[in-house]
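Since the structure comes first, as structure tokens, the remarks are kept for the end.
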Amino acid sequence: MRFVTIDAPLGGRAGMLLGGDVLDFAGVADIAPLAAYVPATVAGILGGGADGLEIVSRVAGRIEGASQGETDALRERRALCPVSETPMLAPLPHPGIVLSHGRAYRTHLQEMKKTDNPEVPEDPSAFIKNNNSIIGSGAAIVLPPQCPDMVDFEGEFSLVFGKHCHNVAIEDAMESIAGYTIINDVSARDWVHIYRETNDPEINRMGKQLPTFCPMGPAVVTCDEVGDPHDLDIQTTLNGEVFQSSNTSDLIWMIPQLISYFSRWYPFAPGDVLTTGSPAGVGFGRDPKIFMKPGDIVSITVEGVGTLTNPVVASG
């Protein structure tokens, strides 16, 4: 199942992709009465666990089996609408936390440290991504007027929690995942040289917190549709040219290790997001360096999850 958030008053409402259409649960209860029990948010749906997903599955099955007259009525009131005609937000527009894992791929560590044999940190590291920076697929990344010239992309395969998770053991960690999505950890790199001089991580992280610097989507895809999360191709293109091309098998730490480690401090809840970090190929790691500029289109594709695409524009 693939869940989205439809752009609507009061922060949006949950929907589901059915082929090339978006199903708006709020408008189908007359045909599928169980829809009245579907939570209004994607986080709420995921938090319902297996029982909640079973209800959603039955609603979807009823809509897919609807008569032509019923389908026409749903389309007329836009409870079933083509994806291209449905305004959408990020699938999780207001998560409790987006925790962004850094120094995650061996190849990315090599390109940033400028050595084939970088020292691997003893433990994972991460920072909280500002929720006010979240946008959906199709929304514009805005180059900030105070630092517009070194804005970089980082395509990141990301997991979404479906249950409360705190101090979880490695062997139990995967049970906390409800699905996966994609995040672009957009980064203004202006402060990297200061970070390298001072070793103050907060200086580097400031460039990751600006408005529109956390594109997410296009959907949250349940685990059964993704397969092995440790063997997925991930690719980032800028204006159609491939910049990042890797596989999650290059992760330094496996997902259960990440969840167990970070859950020592963070009490994750349904709808929270943990990114698995960026593979090699970012603009800052190139010679010469390449950064996004107005008019660019950046797309991130993760096998089994989808493609997150955003245009780049100058500030107002």
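The values are calculated or read from the model by the stated rules, or taken from the named source; none is laboratory data. This is a predicted model, so every value here is computed, not measured. Cβ placement follows ideal geometry from the backbone for every residue including glycine, while neighbour counts extend to all protein chains displayed.
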- Message: Can you find a residue that is of a type outside the set (A, V, I, L, M, F, W, C), under 30 Å from residue 128 (Cβ atoms) and in contact with a helix residue (DSSP H, G or I) (Cβ under 6 Å, 6 or more places away or on another chain) anywhere in region 35-44?
- Response: yes
- Filter result for residue 274 (of a type outside the set (Lys, Arg), part of a strand (DSSP E or B) and in contact with a His (Cβ under 9 Å, 6 or more places away or on another chain)): yes
- Message: I need the full set of residues from region 1-34 which are without any contact (Cβ under 8 Å) to a residue 24 or more places away in the chain and touching a helix residue (DSSP H, G or I) at 6+ places or on another chain (Cβ under 6 Å), in order please.
- Response: 29
- Read through the list (1) more than 16 Å from residue 91 (Cβ to Cβ); (2) part of a loop (DSSP other than H, G, I, E, B); (3) at pLDDT 95 or above, then give the number of the only condition that residue 253 fails. (3)
- Considering region 291-312, residues that are of a type in the set (Val, Ile, Thr) and surrounded by 15 or more Cβ atoms within 10 Å (Cβ to Cβ), and then whichever is nearest to residue 188 (Cα to Cα), we arrive at 312
- Message: Quick check on residue 149: is it closer than 21 Å to residue 249 by Cα and surrounded by fewer than 15 Cβ atoms within 10 Å (Cβ to Cβ)?
- Response: no
- Single residue of region 280-290 satisfying the filter (in contact with an Asp or Glu (Cβ under 6 Å, 6 or more places away or on another chain) and not small (Gly, Ala, Ser)) that is surrounded by the most Cβ atoms within 10 Å (Cβ to Cβ): 282
- Query: With 295, 281 as the choices, which residue is on the phi > 0 side of the Ramachandran plot and in contact (Cβ under 8 Å) with a residue 24 or more places away in the chain?
  - Reply: 281
